[in-house]
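Enquirer: Quick one: structure below, then a few questions.
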There are 2 protein chains.
Amino acid sequence: MSLEQRKRVEVCFSPRQFELYSKDFDICVVIDVLRATTAICAGIENGIDKIIPVATVEEAREYQNKGYIAAAERNGEVVEGFSFGNSPYAFMNPELKGKSVVLSTTNGTQAIVKATAIPTVVIASLSNLDVICHWLIEQHKNVLLLGSGWKEKFNLEDTICAGAIADQLIESRLFRAEEDSTIAAKFIYRSARENMFSFLRASSHRRRLRRLNLNEDVKYCLRPNTLTTIPILHNGALVKLNYVIENAL
Amino acid sequence: MSLEQRKRVEVCFSPRQFELYSKDFDICVVIDVLRATTAICAGIENGIDKIIPVATVEEAREYQNKGYIAAAERNGEVVEGFSFGNSPYAFMNPELKGKSVVLSTTNGTQAIVKATAIPTVVIASLSNLDVICHWLIEQHKNVLLLGSGWKEKFNLEDTICAGAIADQLIESRLFRAEEDSTIAAKFIYRSARENMFSFLRASSHRRRLRRLNLNEDVKYCLRPNTLTTIPILHNGALVKLNYVIENAL
């Protein structure tokens, strides 16, 4: 396919830059590897019916008061008054099967709320990397990969995941990238992929979670392709997209 | 030196993130490799007395009306009514020796104006890489490296230059980095340094300047260590810092 016919795939490092990048995209892929979007993918794959992302803890509390199951995390810790935060293991709890869960996190749910400016919003993590790439290639629309970052700043793990998706899409020769941020993300991913865990050893959020004894969560979040589910935003809630990879592309 | 005693060196990718990073730094190093800060370094080294950075073209015009020599660039081109923009070769014109020049550019001078929130502001480019690193190491203060980016977005060439400075400072073992942006910049620099010109081939601004037939400017801007001057902001104007490397560190 000629360069002009290809669709665009670009990386936006954090919600702070979203307005600079958000024009002319059909699909926004939200990424918060440590840990919100990994937890969302794991929860939906393990049978949660709906996850309702909300930006503030107050909104989560209002839902809780109406009888909803609600989860909230700030700065890596479960917010007081909530029984869980954004640990993927908590989202795999069999008691949540068929239920709706409201979720507010430091970065990920804020990014999802911003992303709604783009018509279609889906959720990615390293856990569902290949399935999301397959689906995006089949859609063949302009894709913005939005890292959640850390408090509006750039972070490494979301950039690596975005770079991994951009790399697969560009390699299909059906997509092209124009932005320097996309070139950089792809490049960082290619250098990190052999040993992501050690590459991320120095990253700021890894250090933060290590202090909180969350190393098991981190290991789960950095393992690629353990899941085959794509959560998609539908009427304000994340639900399972009906999609199965039928043939390798 | 123990990690705690080390001073910080961090990279901020573009003026859009400046407020997220600007606290607790003593020195801000502004970088706009293509081409504003390269032109400023070349101009000051070649005898321009003062360069007055202004954010808007209107301000540049007001100075011009008062009889100042003024230069203005937008989107890579000289603004109508100005005799030059931000080509480093224009700043080496012998007729400018001993003169003051007012300058407004798309990205670089905007970044300089923002940087004034930090007590000391100096100017870097690949052209004066080693001298600025020597000087920063001697100062041993907290350093923020501010890329000018492209219209508030991340760009590759400023990130590579910032990564090169961060790398030298961290290698001295007198500085440490905490932010993921700094880890990423250092990493991108290390991968690009063997062949910067080809690494940047795909970069968005290179493409932009190639269309404008500015390849000679680009070659000059990407050549490291052709200059030994550090421009420093003093009472709103960039002047030559009185500094000569006396001994290798």
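Enquirer: Average partner chain C-beta neighbours within 10 Å, per residue of A:202-211? Provide the component values of the computation, followed by the final result.
Expert: Values: counts 6, 4, 7, 1, 1, 1, 0, 0, 0, 0.
For this peptide, the per-residue mean of nearby foreign Cβ atoms is 2.
Enquirer: What fraction, in whole percent, of alpha-carbon pairs in segment B:169-249 exceed 14 Å separation?
Expert: Working: 2512 of 3240 pairs.
Of all Cα-Cα pairs in segment B:169-249, 78 percent lie more than 14 Å apart.
Enquirer: Within segment B:6-235, count lysine pairs with alpha carbon atoms under 23 angstrom apart where the residues are 8 or more positions apart or belong to different chains.
Expert: Summing the qualifying lysine pairs gives 24.
Enquirer: List the residues whose amide H sits under 5 Å from the amide H of A:Arg8, counting only those 5 or more places along or on another chain, with H placed 1.01 Å from N in the peptide plane.
Expert: Close amide H contacts, sequence-distant or interchain: A:Asn142, A:Val143, A:Arg176.
Enquirer: What is the local net charge at A:Phe175, summed over the other residues whose Cβ is closer than 15 Å to its Cβ (Lys, Arg +1; Asp, Glu -1)?
Expert: Numbers: positive: A:Arg6, A:Lys7, A:Arg8, A:Lys141, A:Arg173, A:Arg176, A:Lys186; negative: A:Glu4, A:Glu10, A:Asp24, A:Asp26, A:Glu138, A:Asp167, A:Glu171, A:Glu178, A:Glu179.
Net charge in that neighbourhood comes out at -2.
Enquirer: Cα-Cα pairs above 41 Å in the protein assembly as shown: how many percent? Present the calculation step by step, with values, prior to reporting the outcome.
Expert: Working: 30603 of 123753 pairs.
For the protein assembly as shown, the share of Cα pairs beyond 41 Å comes to 25 percent.
Enquirer: Right, next: Can you pull the mean other chain C-beta count within 10 Å for peptide B:144-157? It would help to have the intermediate numbers written out before the result.
Expert: On the way: counts 0, 0, 0, 0, 0, 4, 3, 1, 4, 8, 13, 5, 6, 1.
The per-residue average across the peptide is 3.
Enquirer: Net charge within 13 Å of A:Pro119 by Cβ-Cβ distance, Lys/Arg positive one each and Asp/Glu negative one each, not counting A:Pro119 itself? Could you put the intermediate results ahead of the total?
Expert: Working: positive: A:Lys23, A:Lys141; negative: A:Asp24, A:Asp26.
Around A:Pro119, the surrounding residues sum to 0.
Enquirer: Please work out the ratio of the alpha-carbon Rg of segment A:3-240 to 2.2 N^0.38 Å and round it to two decimals.
Expert: Working: Rg = 16.5 Å, N = 238, 2.2 N^0.38 = 17.6 Å.
Rg over 2.2 N^0.38 Å, computed on Cα atoms: 0.94.
Enquirer: Here is a further query. Using a label point 7 angstrom from Cα along Cα-to-C-beta, what distances in nm, from shortest up, separate B:Glu171 from the other copies?
Expert: 3.2
Enquirer: If r is the Cβ-Cβ distance from A:Gln139 to A:Arg223 and R0 is 35 Å, what FRET efficiency results, to the nearest 0.05?
Expert: Numbers: r = 26 Å, r/R0 = 0.73.
About 0.85, to the nearest 0.05.
Enquirer: Also, I was wondering about something else. Summing +1 for each Lys or Arg and -1 for each Asp or Glu, what net charge is found among the other residues whose Cβ lies under 11 Å from the Cβ of A:Val54? Write out the running numbers ahead of the final one.
Expert: Working: positive: A:Arg61; negative: A:Glu58, A:Glu59, A:Glu62.
Once positives and negatives cancel, what remains is -2.
Enquirer: For a quick protection proxy, order the peptides A:40-48, B:103-111, B:196-204 by their average other-Cβ count within 10 Å, most packed first.
Expert: On the way: A:40-48: 24.0, B:103-111: 27.7, B:196-204: 17.2.
Order by mean packing, descending: B:103-111, A:40-48, B:196-204.
Enquirer: Compute the distance from the alpha-carbon center of segment B:196-249 to that of segment A:195-245, in whole Å.
Expert: Each part's Cα centre sits 40 Å from the other's.
Enquirer: Ranking request for peptides A:113-124, B:234-245: highest mean number of other beta-carbon atoms within 10 Å first, then the rest in descending order.
Expert: Averaged packing, sorted descending, gives the order A:113-124, B:234-245.
Enquirer: Over the whole of A:181-187, what's the average partner chain Cβ count within 10 Å per residue? Rounded to a whole number, please.
Expert: On the way: counts 8, 3, 9, 11, 2, 0, 8.
For this peptide, the per-residue mean of nearby foreign Cβ atoms is 6.
Enquirer: Would you pull out the residues with amide H under 5 Å of B:Trp150's amide H, same chain only if 5 or more places away, H placed 1.01 Å from N?
Expert: B:Asn155
Enquirer: Separation between the A:Glu194 and B:Ser198 pseudo-spin-labels, each 7 Å from Cα along Cα→Cβ, expressed in nm?
Expert: It is 2.0 nm.
Enquirer: If I model segment B:15-62 as equal point scatterers sitting on the Cα atoms and use the Debye formula, what is log10 I(q)/I(0) at q = 0.16, 0.19, 0.20, 0.29 Å⁻¹?
Expert: Cα-only, vacuum Debye calculation for segment B:15-62: -0.67, -0.88, -0.93, -1.09.
Enquirer: Between segment B:107-159 and segment A:21-98, how far is it from one alpha carbon centroid to the other, in angstrom?
Expert: 39 Å
Enquirer: If r is the Cβ-Cβ distance from A:Leu212 to B:Ile245 and R0 is 60 Å, what FRET efficiency results, to the nearest 0.05? The partial results should precede the final answer.
Expert: Values: r = 45 Å, r/R0 = 0.75.
For A:Leu212 and B:Ile245, the calculated efficiency is 0.85.
Enquirer: In debye, nearest 20, what is the charge dipole magnitude of the protein assembly as shown about its Cα centre with +1 on Lys and Arg Cβ and -1 on Asp and Glu Cβ, if you could check? Could the numbers behind the result be given before it?
Expert: Details: 60 positive and 58 negative charges, 76 e Å.
With only Lys, Arg, Asp and Glu charged at Cβ, the dipole is about 360 debye.
Throughout, read-outs are computed from the coordinates displayed, never taken from laboratory work. Please read these numbers as outputs of a predicted model, since none were measured by experiment. Every residue, glycine among them, receives a Cβ derived from its backbone with ideal geometry; neighbour counts consider all protein chains shown.
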